[in-house]
Every structure is written in structure tokens, then in C-alpha cells.
Amino acid sequence: MFRDRFRLSLALTIPALVWEPMLQEWFGYTAPRFPGSQYIPAIFGTAVFLYGGWVFVKGAWSELANRLPGMMTLISLAIVVAFLYSAAVTLGYPGHALWWELATLVTIMLLGHWIEMRSIFQAEGALKELARLLPDTAVRITRGDETEVVPVGEIRDGDLLLIRPGAGIPADGVVKSGRSSVNEAMITGESKPVEKGEGAAVIAGTVNGQGSLRIEVTGTGDRTALAGIMRLVAQAQTSRSRAQALADRAAFWLTLVAIAAGVVTFIAWWAVGATPDFTITRVVTVLVIACPHALGLAVPLVTAISTTIGAQNGLLVRDRRGLEEARRLDIVVFDKTGTLTLGSHRVVSMTVEDGVTRDDALRLAAAVQRDAEHPIANALTTSAKERGLEVPASAGFESMAGVGVRAEVEGRALHVGGPGMLRRLGVQPGRTILAAAEAAAADARSATYLIDGERVLAVFAIADAVRPESREAVDRLHAAGIRVAMLTGDSRAVAESVARELGIDMVFAEVLPEDKVAKIEELQQGGRKVAMVGDGVNDAPALLTADVGVAIGAGTDVAVEAGDVVLVRSDPRDVARIVALSRASYRKMVQNLWWAAGYNILAIPLAAGVLAWAGILLVPAVGAILMSASTVIVAINAQLLRRAAM
């Protein structure tokens, strides 16, 4: 709307400029003369006022109706005063009409608003980009394994879809058959393609790789992860921060100051005997140049850009105030299970006898445990799979309750179990194996042995494995000057072991879920700012109590009601990125607010004519250009956040 009005107003302004007597005198030319040509500036100036300027008058009416005068009030005051004075002069009042100044002023103001709106819409482009991720059609598999192309809106839960190589995934679902890698960067921020096989979850809006997948639909429309992300982005972009409230108050008071400055300017120049057209021109220039345009844009634009950056990197901001507080954090508290650890058991270390390789020991132990369902069995088989080992077949599987299992693998009778298995078989591990087992016990880890006949080949320390990214996450927070604590219901021995491995500062172990809130409140004593990082379900009360609540590992479940920020990925390093984004956003807000306020402090006296004695005077159009220039500078500075934040 501002663009279209600017273009037509610009076309209407040109005749007003060409036939303006003052400009003809300045530039030494004579415009074509014909009966009534002297009224061309008035006619076209009025047209620009009614077409281009009316939007500002309507905006001012809304501001005054809400008792919140702002930039629309100032702009409308300036153009209404200029219009009424010019109309009076044209009808016979002595003075010089300001038609060309009025026309150029409205046109430049429309240009400034067009630039402002364009900047905001570009910053809020995350929603549009997310919406474009979803394909328009899907390939549905019907009875008899035939396929049909249907609009996405016709997909229903339970439908079986064919996802061809390179195609976008149209709905949330579970892989029923096929293997491929899926690019989830646009949803989770994960740069590497994620391998997908039978049973794996896929997210609407992601892109399939080279393989072919058949998925069963589990979520469509508003129930997809993509729709949840879009809701959170929209919610964050409309949520208000303390900095926004400060900017709004500053803009309100600046409006009052500008009106007062306009009144003082009028009285001062009238008192010293200035001509009416000179006095009115000074007042109009003051009102225009004092418009809190840049001040009004300073915070919302940074808000929109920071929210977009967060969404593009898997950081979904639910509440702007939480993100704003992140820059002031003193302590970050992590829940252990599922946050700093994987939440499932793995082989965290192993020791082997001479002549046995680590990979060989792990694949043999996994083969023995292939048919078992115990968590120890899952830890061995999963660890072998993650190391890319080929697990051989086994035969003669036998489970020994409370002791372990046995099976024949590659012609060898192998046993896997704990200390009870050693006693049952009457075997004694070597000195190296025994020392490793004792070290595992000291760290509250399960020691599981691989036994071949009377020889113990290896011992595996099994525990809830620490995420590979956790150490780097703690280091990044320490580098940012933030202490790290861990909160867990596990035993102190387990908690201390994880804390030593990661370099965590404080440990709270054996804490019941209902006591987590008390620990957060204890850390907040003395005015310390505390963040809680948890899974968003079990830790909901603690997340809500903390100054900043971060729900980590939400994956496709983005509708987490507790916490201020939702992390799409299960990556604790993103917590440090939240802090970095918060600090960078705050710096840009402060820079913009200082620029906008400082500009007005200098510009208002200049517009009022305090340097008139030196021959320095600003016409309204120049004032509008300077005001628009300050808005553009604020917009460019906000855009630089994209380089500074992540």
C-alpha cells in the first residue's frame, strides 16, 4: 500500500515542482504558462495530500483515539498545518504557499514507510519460508500398491505415502519401509542429512535424499511439527519485551516533546517578527524531523530478525522476555538424563585382553546378546551398530536368570554377564580387566564381561552415555562467564562421574522431581539469574520457575508449554547459542535506541532554526529525507545482527 501510494504521489509531485515559482527562480527556468497554470502546484499538492497523506491522518486519528500519540500524529500535524496554511495563502492570505514542500514531504514520508514495512516483512520472512517448505501434492499408495497424486490437504492420518528421491515430505510420519537420508536443516538447523530407516520419524517440510521411503502419516495440517514451529515463531514475533516497552514509552514522550518544540518554535519566531510562511515552515520541519520513526523501528526489527535467526537454527522462542533475560544469566542448570546424556544405555568404555581388538570384542558380545531383551543387551547391540560393526549370527542362545547369557558365535561358546557369571564359571579376569571393572564400579557403571571358555576377553562399562556434544556445551557456557550445574534424581556416584567428565561446577544428585523447584529457587537467591534446561515434560515446574526455561530435545513435539525457548535438536550446545543470540540482539537494540534518540536530540534544534543566524536552514523535504535516513540506518544496523548473532 505504501509502495503504490508512493509511486502515484511521486508522479503527482512532479508537476507541483515544475510549476513552483520559487524553484523556477532558484534554477533559472520558466515553466510553460497558460490560463490557470499558477494553480498547478495547489491542485497537485492538494491531490498528493488527499491521496498520499490521508493514510497518515487516519493513522493519527487511531493513535489519538487510543491516547497513544506517535509518529502518525506528528506527520499528520505537519502535513495538515502545511495544507491549511497553503490553502489560506492560495485563497488570499498574505504569505508564500508551501505546496511543493507539502507534496515532497508526503512523498518522502511514503517512501520511508515503504522501506520500513519492507524491512519488517523481510525480517518476518521466517514464516513465509517455513510455509514454502511444504509441497503442494503427495504420492499416496492405494490398495494393490498403486499410487495416486493428491493435494496435501487430502492426506489423512494412517495414509501410506511414497517419498521419492529429492521430494519434499508432505506430512509427519513414520518410515514403514526403505532407507534414505533426509535433509532436516530447514526444521532443526542440523546441517548433516539424517539417516532414516524403518521405524524412524520424519517431519513435514524436510527433503528426502537419494533413497525411496514409504511412510505412514501420523500428523497433518495444524498438527505437524512445521505448523507448531510456525505458531511459536508467530507468537515470539508478537510477544513484547522490556526493551520494546521502553522504546514505546520513549516514542510517546518524544512525540510530546516534538509537539512542545513545534509550539515553542512558532512562538519564538513569531515573537522576533519572522514572516508567517517562514514560521510555519520551521514548525512543519520540526514536526517532521522529530517523528519517532527510527525509534519505533529500533526494537521491533531486531525482534523480528533475532526470532528468524533462532528459527533457522533450531531455536524456537516462545517468549521474548525469556530470550532477553538469557544475556544476564549467571547459572545454567541442566537436567542429566536425556539432556546431558542420551537417556539410554551405551558402552561408555571397554578394556580388552592382549590379542583381542576392541571392535572384535564388541561385535562378539553383541552377537551373544542378539536375542536378549535386557538393557545391557540393548546397550551392547546399539553400541556395535553405532560403530558400524557387522554383528555375526549366533546359535544356541540361553539366558541364565540374574547371571547373564550364553550363545555359540563363529564356533565358539561365549558367555556375557556380570560378576555372577564369573563366579558361576569359576573364572578369574586378568589384572587389567579387573582394574577396569573396579574403576567402572567406582563410577556407578555396570561392568559386563565377555568370556570365552576360561578366559575373560573383555570388560564393558555400561551406563547412560554422555552426549558427544555435552562437553563442548559446558565449555562454551564457561567461556561466556556462566557457571554450570546439574540436577538429577540419579545416585551421587553416577552424578559425580558425569560432572567430572564434563567439567560441571555444581551437582545436585538424588533430587526428587517435586524438589527441583526448590533447588532452582535456592540458586536464584542473591539475585542470580538462573536458566533451567530440561525435557519440557518432567521438568515443567522447574522450567517455569527459572528465569529462563529451555526445553531441549523437543524434536517433533514443539508444542512445549513450559519454558521460554524450545530447542528442536537434542543438542545442549544450543543453550550457549541462545545466550549469544540474546547478547547480540540486546547490543543491536541499544545501538538502535541510542542512534534514534541521539538523532532527534540533535535534529530538533536544527529544524527549529537555531543556526538560522549562520544561514543554515532546513526545508521540510530535507527534514523528511534526514528522518528517513535515520530510519534506513536503524534498519541496516538491525540487519547486521545476522552476522553478529550465531
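The values are calculated or read from the model by the stated rules, or taken from the named source; none is laboratory data. This is a predicted model, so every value here is computed, not measured. Cβ placement follows ideal geometry from the backbone for every residue including glycine, while neighbour counts extend to all protein chains displayed. Note: areas computed on protein heavy atoms with side chains; ligands, DNA, RNA excluded. Shrake-Rupley method; radii C 1.70, N 1.55, O 1.52, S 1.80 Å.
List, please: which pairs have Cβ atoms under 9 Å, are six or more places apart or on different chains, and start with a residue in the stretch 331-350 that is open to solvent by less than 30 Å² (accessible area, probe 1.4 Å) and end with one that is assigned to a helix (DSSP H, G or I) and modelled with pLDDT under 80?
If the second residue must be assigned to a helix (DSSP H, G or I) and modelled with pLDDT under 80, the pairs left are Lys336/Val494.
Just to be sure I understand the filter: pairs with C-beta atoms under 6 Å, separated by 6 or more residues or on different chains, first member in the stretch 577-596 and farther than 30 Å from Glu472 by Cα, second member buried (at least 17 other Cβ atoms within 10 Å of the Cβ) and of a type in the set (Gly, Ala, Ser). Which pairs pass?
Short answer, once both residue conditions are applied: Asn592/Ala298; Leu593/Ala298; Ala596/Ala294; Ala596/Ala298.
Could you go through the stretch 389-410 and let me know if any residue there is farther than 15 Å from Gln369 by Cα, open to solvent by 20 Å² or more (accessible area, probe 1.4 Å) and either within 41 Å of the chain's Cα centre (by Cα) or at pLDDT 85 or above (or both).
No, the stretch 389-410 contains no residue that is farther than 15 Å from Gln369 by Cα, open to solvent by 20 Å² or more (accessible area, probe 1.4 Å) and either within 41 Å of the chain's Cα centre (by Cα) or at pLDDT 85 or above (or both).
Residues of the stretch 335-355 being of a type in the set (Asp, Glu) and more than 25 Å from the chain's Cα centre (by Cα), which ones?
Taking the stretch 335-355 and keeping what is of a type in the set (Asp, Glu), we get 335, 353-354.
Once the filter is applied, which keeps residues that are of a type in the set (Asp, Glu) and more than 25 Å from the chain's Cα centre (by Cα), the stretch 335-355 yields Glu353, Asp354.
Looking at the stretch 52-68, is at least one residue surrounded by fewer than 18 Cβ atoms within 10 Å (Cβ to Cβ) and within 12 Å of Val106 (Cα to Cα)? Full working, then the answer.
We begin by selecting, within the stretch 52-68, every residue surrounded by fewer than 18 Cβ atoms within 10 Å (Cβ to Cβ); these are 54, 58-59, 61-62, 64-68.
Of the ones still in play, those that are also within 12 Å of Val106 (Cα to Cα) are 54.
Checked against the condition, which is being surrounded by fewer than 18 Cβ atoms within 10 Å (Cβ to Cβ) and within 12 Å of Val106 (Cα to Cα), the stretch 52-68 yields at least one hit.
Let me spell it out: the conditions are (1) more than 30 Å from Asp145 (Cβ to Cβ); (2) open to solvent by less than 40 Å² (accessible area, probe 1.4 Å); (3) modelled with pLDDT of 65 or more, and Ala247 meets all of them except one. Which number is the exception?
In the conditions (1) more than 30 Å from Asp145 (Cβ to Cβ); (2) open to solvent by less than 40 Å² (accessible area, probe 1.4 Å); (3) modelled with pLDDT of 65 or more, Ala247 misses (3) alone.
May I ask you to verify whether Val530 is modelled with pLDDT of 85 or more, within 21 Å of Arg577 (Cα to Cα) and not hydroxyl-bearing (Ser, Thr, Tyr)?
On the way: modelled with pLDDT of 85 or more: yes; within 21 Å of Arg577 (Cα to Cα): yes; not hydroxyl-bearing (Ser, Thr, Tyr): yes.
In short, yes.
What single numbered condition from (1) open to solvent by less than 40 Å² (accessible area, probe 1.4 Å); (2) among the hydroxyl-bearing types (Ser, Thr, Tyr); (3) modelled with pLDDT of 85 or more fails to hold for Thr73?
Going through (1) open to solvent by less than 40 Å² (accessible area, probe 1.4 Å); (2) among the hydroxyl-bearing types (Ser, Thr, Tyr); (3) modelled with pLDDT of 85 or more one by one, Thr73 breaks only (3).
Of the residues in the stretch 414-431, how many are within 15 Å of Ala458 (Cα to Cα) and either in contact (Cβ under 8 Å) with a residue 60 or more places away in the chain or open to solvent by less than 60 Å² (accessible area, probe 1.4 Å) (or both)? Break it down into steps so the answer makes sense when it comes.
First, pick out the residues of the stretch 414-431 that are within 15 Å of Ala458 (Cα to Cα): 414-419, 421-422, 427-431.
Right, trim to either in contact (Cβ under 8 Å) with a residue 60 or more places away in the chain or open to solvent by less than 60 Å² (accessible area, probe 1.4 Å) (or both) and you get 414-418, 421-422, 427, 429-430.
Going through the stretch 414-431 one residue at a time, the tally reaches 10.
Checking Glu472 against (1) more than 34 Å from the chain's Cα centre (by Cα); (2) surrounded by fewer than 18 Cβ atoms within 10 Å (Cβ to Cβ); (3) in contact (Cβ under 8 Å) with a residue 40 or more places away in the chain; (4) in a helix (DSSP H, G or I), which test does it fail?
(1)
Determine whether the stretch 33-53 contains at least one residue that is closer than 30 Å to Leu254 by Cα and touching a Pro at 6+ places or on another chain (Cβ under 7 Å).
Among the residues of the stretch 33-53, not one is closer than 30 Å to Leu254 by Cα and touching a Pro at 6+ places or on another chain (Cβ under 7 Å), which makes the answer no.
Tell me which residues, restricted to the stretch 367-378, are closer than 16 Å to Met400 by Cβ and crowded, with 21+ Cβ neighbours inside 10 Å.
Val368, Gln369, Ile376, Ala377
Do any strands (runs of 3 or more DSSP E) entirely within the stretch 113-210 hold 1 or more residues that are at pLDDT below 85, and if so, which? Reasoning before the result, please.
Working: elements: 137-141, 147-151, 160-163, 172-177, 180-183, 194-196.
Fully inside the stretch 113-210 and qualifying: 180-183, 194-196.
What about Ser62, is it more than 25 Å from Ile203 (Cα to Cα), modelled with pLDDT of 70 or more and in contact with a Phe, Trp or Tyr (Cβ under 7 Å, 6 or more places away or on another chain)? Walk me through how you get there before you give the answer.
Values: more than 25 Å from Ile203 (Cα to Cα): yes; modelled with pLDDT of 70 or more: yes; in contact with a Phe, Trp or Tyr (Cβ under 7 Å, 6 or more places away or on another chain): no.
Answer is no for this residue.
With respect to Ala87, is the statement that it is at pLDDT 80 or above, open to solvent by less than 40 Å² (accessible area, probe 1.4 Å) and not in a helix (DSSP H, G or I) true? Break it down into steps so the answer makes sense when it comes.
On the way: at pLDDT 80 or above: yes; open to solvent by less than 40 Å² (accessible area, probe 1.4 Å): yes; not in a helix (DSSP H, G or I): no.
In short, no.
Name the residue, out of Leu434, Leu364, that is open to solvent by less than 30 Å² (accessible area, probe 1.4 Å), at pLDDT 90 or above, farther than 30 Å from Leu477 by Cβ and not acidic (Asp, Glu). Give the steps one after another, and end with the answer.
Working: Leu434 fails: open to solvent by less than 30 Å² (accessible area, probe 1.4 Å).
Just one listed residue meets the conditions, Leu364.
Please pick out the residue among Gly404, Gly420 that is out of contact with any helix residue (DSSP H, G or I) (no Cβ under 8 Å at 6 or more places or on another chain), under 17 Å from Arg445 (Cβ atoms) and of a type outside the set (A, V, I, L, M). Spell out the reasoning first.
On the way: Gly404 fails: out of contact with any helix residue (DSSP H, G or I) (no Cβ under 8 Å at 6 or more places or on another chain).
Matching residue, one of Gly404, Gly420: Gly420.
Determine, yes or no, whether Ile482 is closer than 14 Å to Thr545 by Cβ and crowded, with 18+ Cβ neighbours inside 10 Å. Explain how you work it out, then say what you get.
Numbers: closer than 14 Å to Thr545 by Cβ: no; crowded, with 18+ Cβ neighbours inside 10 Å: yes.
No: the conditions fail for Ile482.
What number of residues in the stretch 605-618 are modelled with pLDDT under 80 and buried (at least 18 other Cβ atoms within 10 Å of the Cβ)?
Qualifying residue count for the region: 1.
Does the stretch 501-524 hold any residues that are in a loop (DSSP other than H, G, I, E, B) and at pLDDT 90 or above, and which are they?
So the first thing to find is which residues in the stretch 501-524 are in a loop (DSSP other than H, G, I, E, B), and the list is 503-505, 509-512.
The answer is Gly503, Ile504, Asp505.
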